[in-house]
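Report on the following structure.
The values are calculated or read from the model by the stated rules, or taken from the named source; none is laboratory data. Treat the numbers as computed from the prediction; the structure is a model and nothing was measured. Here the Cβ positions follow ideal geometry from the backbone for every residue, glycine too, while neighbour counts run over all protein chains shown.
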Amino acid sequence: MRRRVPPLLVAVLAALAVLLLAAPPASAHTELESSTPQNGTRLTHTPTTVRLTFSEPVELADVHIKAAGEQPAVSRSGRGNDAIQVTVPRTTGQDRLTLVWQVLDIEDGHSTSGTLSFRLTAKGTSDAAPKAPEPSDTVHTAWVAVRWAGYLSLALFIGGLAFLALLWPQGAEDRRSRRILTLSWTAGLAASLLAPGLQGAYGAMGTLGDVLEPATYTDLLTTEVGIVAACRVLMWVLGAVVLAALLQGGDRAARSPGWRVGALAVGVGLLRTTGMTGHNSEGSHPGWGEVADLVHLLGVSLWLGGLTLLLLGVLPRRRPEELSAVVSGYSTLAAVSVTAIAVAGAVLTWQVIGSFDALFHTGYGRLLLLKLAVLALVLLIAQRSRGWVRTRLDIAVLLRGDRATLRPFVHSVAAETGLVLVVLAATSLLVTSAPGR
């Protein structure tokens, strides 16, 4: 018997192909367009100033320069908000002047960096030039890890609350489910507190030790990105109120319209403040990108949060009435969520990548292809899970949750959950990378 290709997978791939082939060029991150003197110029002496012109307006607080081991002063060059002037420190004994620059994008807070090097033909007393500082790979790795933890916590918290409110109110009394929600809230708050410090330290070309410095946070909080980060922390604090009401009220709270409205408000706030630091503002229609990002994050949260509570909460109890109602209900919810993820993901790809060529010839595009490949594998496994629900769920209910009957479904759900975590890891790398590179 020939196996049918999942229609949802076909629709996803077709939508991505159409959007990528028809997509217009999207705007990239802030890049250095020119410098005076030009990069690589041979100079007879160390210049007093160097002028940098960027591809879009920049804030002085978002530009970080290192030269000869120092952080020189920067100012406006008088030629618009896209150009700055760097006052070069006076040094001797060097045969090369190296400027390392890093700038935060004014819209989404992601950084781009580069190096300018000038050969000095009149050397001083020493030929050895100090090594120019560079953005820390360690800080970047920590930043990616914290973003991954933040996405995972967000999905488990919002998806878990929605799962209890929509499908399994009695699960509010389940010890494992309560523990998952509590741990996800704790990790989400911690990630929201650490991520701004790591982003600030990386943008300033600092070290992990700078993450604990108050100046790192104060510098970032003067920017739009810092304000969004503060709002996200506030939303997690409000999430504690929603969680506490659920833990105290149990299934009665999960069924309460008042609690559901509060949980919805906090959930939308968390999703929106998380999406505001992504790449959704890029492209010719940033409004569509923002809506698509909200839908995308919501779909992932409902999918992954529901999968986790289903795997660790519902299935181990093996109660026939819960299996009959919750598993079939989640199968429908997951299908809707995956459809939303596919459509919103196609819009975001169109916004950020902007061309079919960039998908294959940039590191960002290749990472996105890897994410899509893993997602396609997840969809195949999800199709298998939905097939089990259609053909074997009634038997499992009749056998009162027989372990052997449930085992294939448990394995499928576990594999699906694990691969979604890989997709989240790829997402964390994507949001801390520049699309044009």
| query | Looking at the range 403-410, is at least one residue under 17 Å from the mean Cα position of the chain (by Cα) and at pLDDT below 70? | reply | no
| remark: Screening 393, 375, 359, 369 for residues that are modelled with pLDDT under 70, under 19 Å from the mean Cα position of the chain (by Cα), part of a helix (DSSP H, G or I) and not charged (D, E, K, R) leaves only 359
| Tally time: how many residues in the range 185-244 are among the acidic types (Asp, Glu), crowded, with 18+ Cβ neighbours inside 10 Å and either touching a His at 6+ places or on another chain (Cβ under 6 Å) or not in a helix (DSSP H, G or I) (or both)? | 0
| Can residue 153 be described as at pLDDT below 90, within 27 Å of the chain's Cα centre (by Cα), within 30 Å of residue 207 (Cα to Cα) and not hydrophobic (A, V, I, L, M, F, W, C)? | no
| said: Exactly one condition in (1) under 25 Å from residue 166 (Cα atoms); (2) touching a Phe, Trp or Tyr at 6+ places or on another chain (Cβ under 7 Å) is false for residue 197; which is it? | reply: (1)
| Is there a residue being among the small types (Gly, Ala, Ser), at pLDDT 80 or above, assigned by TED's automatic domain parsing to the domain that holds residue 228 and surrounded by 21 or more Cβ atoms within 10 Å (Cβ to Cβ) anywhere in the range 344-355? | yes
| Of all residues in the range 76-120 being among the hydroxyl-bearing types (Ser, Thr, Tyr) and over 20 Å from residue 43 (Cα atoms), which is modelled with the lowest pLDDT? | 111
